[in-house]
Amino acid sequence: MIAALPSLQSWQHYPMGPALRRFVGLSEAIGESTIPSAQEKLDFADALSVYLDATATLPEEAVLQELVQMDLPYAVYALSRENPHLALYRGLSAMLLGMWDEAEQAFCEAQRHNPAEPAPYSNLLYMWSCEENWAAMGPWIDTALAACPTHAPIWESVVSYCLREPGMEKLQGYVEKAHSWMGACILTQVDPDMTPEAKEATLARFFHEGERDPDFLIEYTALLGEQERYREIPPIVWQAEKLAKDPLPWQLGFHLAQAYIALGDGALYAQTRGKLLRNPRTPPSIHEMIPEDPFA
């Protein structure tokens with residue numbers, strides 16, 4: 001007689017993502033879920049572990065992503081440890097469980113499987129940075145930046161590696177070699193001797209070369225605002241709106257609104273403010289910084 005799989009039906013109301021619900025055979029939640037207590041999280045992890053042990057079905061990556069977000073590394077590890085194509089998730093879960101040697105091995109495997117994916121690089125560099133294993137970091141930095149030149153977490157580890165020594169020469173060298181606007185933005189933030197004019201010139205180079213990534217434009221328009229060069233901000237945002245396939249980040253609209261306040265243009269400010277207020281991604285805290293009539 002074949003034993004039936006254990007049921008998770010009693011966890012119907014537990015907050016889970018749609019992919020995990022489908023994987024464990026639960027329908028959509030009924031009613032509102034509350035934030036689980038520490039004990040409920042442990043109990044759910046135990047129940048899920050029993051279910052996973054009795055199931056041979058391989059999960060899709062969306063299931064593992066949701067489990068990572070739910071802070072259930074044991075479940076992620078159980079699902080990924082026997083599957084080479086899930087090496088990234090095995091590394092993430094092993095790292096969260098303190099199994100750093102296994103995490104390192106898994107991230108290296110994930111990098112070989114998908115050299116363009118930034119997560120293996122960023123996690124490897126982060127781990128080595130925490131351990132101050134500079135010898136391991138050095139050979140990987142060039143490889144990581146060549147594959148993912150605009151990935152902020154990679155650059156954060158590069159900064160840790162470079163600032164072990166006084167001066168910005170090493171970091172400047174990586175920025176130049178990678179020709180990365182992300183690296184240039186970080187350099188303007190960490191170099192204490194860089195003047196506002198030098199910061200603007202550093203980013204202007206990328207703008208004049210045609211860089212139009214919205215995240216880059218956020219940094220560039222912020223620097224223009226710091227220099228009170230407000231008239232240069234509206235054309236940048238207008239052009240970005242024309243070229244963008246997706247809605248622009250709210251930060252660009254906020255910088256545009258600030259520019260119109262400084263320029264004293266009430267009509268265009270009101271129009272920009274209206275767009276910001278209608279944007280569901282605009283955080284409520286920004287509303288206080290864009291008053292209805294800043295010229296009163």
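The values are calculated or read from the model by the stated rules, or taken from the named source; none is laboratory data. Computed from a predicted structure; not experimentally measured. Every residue, glycine among them, receives a Cβ derived from its backbone with ideal geometry; neighbour counts consider all protein chains shown.
General remarks:
- Odd one out for Phe207, checked against (1) under 23 Å from Trp155 (Cα atoms); (2) outside any helix (DSSP H, G or I): (2)
- Some residue of segment 174-181 being in a loop (DSSP other than H, G, I, E, B) and touching a residue at least 12 places away in the same chain (Cβ under 8 Å): yes
- Residue match in segment 144-157 (condition: in a helix (DSSP H, G or I), at pLDDT 95 or above and under 22 Å from His85 (Cα atoms)): yes
- Number of the condition not met by Arg212 [criteria: (1) among the basic types (Lys, Arg); (2) without any contact (Cβ under 8 Å) to a residue 24 or more places away in the chain; (3) closer than 25 Å to Pro149 by Cβ]: (2)
- Condition check for Leu248: among the hydrophobic types (A, V, I, L, M, F, W, C), modelled with pLDDT of 95 or more and surrounded by 14 or more Cβ atoms within 10 Å (Cβ to Cβ): no
- Yes/no for Leu92 being assigned by TED's automatic domain parsing to the domain that holds Tyr74, closer than 29 Å to Leu67 by Cβ and under 17 Å from the mean Cα position of the chain (by Cα): yes
- Residue-level check: of (1) modelled with pLDDT of 90 or more; (2) within 23 Å of His113 (Cβ to Cβ); (3) assigned to a loop (DSSP other than H, G, I, E, B), Thr57 misses just (1).
- Tally, over segment 264-296, of residues that are free of Cβ contacts under 8 Å to residues at least 12 places away in the same chain, closer than 20 Å to Glu241 by Cα and among the charged types (D, E, K, R): 2
- Test set (1) surrounded by fewer than 14 Cβ atoms within 10 Å (Cβ to Cβ); (2) at pLDDT 85 or above; (3) under 25 Å from the mean Cα position of the chain (by Cα) - Glu66 fails condition number: (1)
- Residue in segment 220-230 that is surrounded by fewer than 16 Cβ atoms within 10 Å (Cβ to Cβ), outside the structural domain of Cys185 (by TED's automatic domain parsing), out of contact with any Gly (no Cβ under 7 Å at 6 or more places or on another chain) and acidic (Asp, Glu) present: yes
- Selection status of Leu79, closer than 30 Å to Trp128 by Cβ and at pLDDT below 85: yes
- The single condition from (1) modelled with pLDDT of 95 or more; (2) surrounded by fewer than 20 Cβ atoms within 10 Å (Cβ to Cβ); (3) among the charged types (D, E, K, R) that Glu104 fails is (2).
- Scan segment 230-276 for residues that are within 24 Å of the chain's Cα centre (by Cα), in a helix (DSSP H, G or I) and within 13 Å of Arg212 (Cβ to Cβ) and the total you get is 5.
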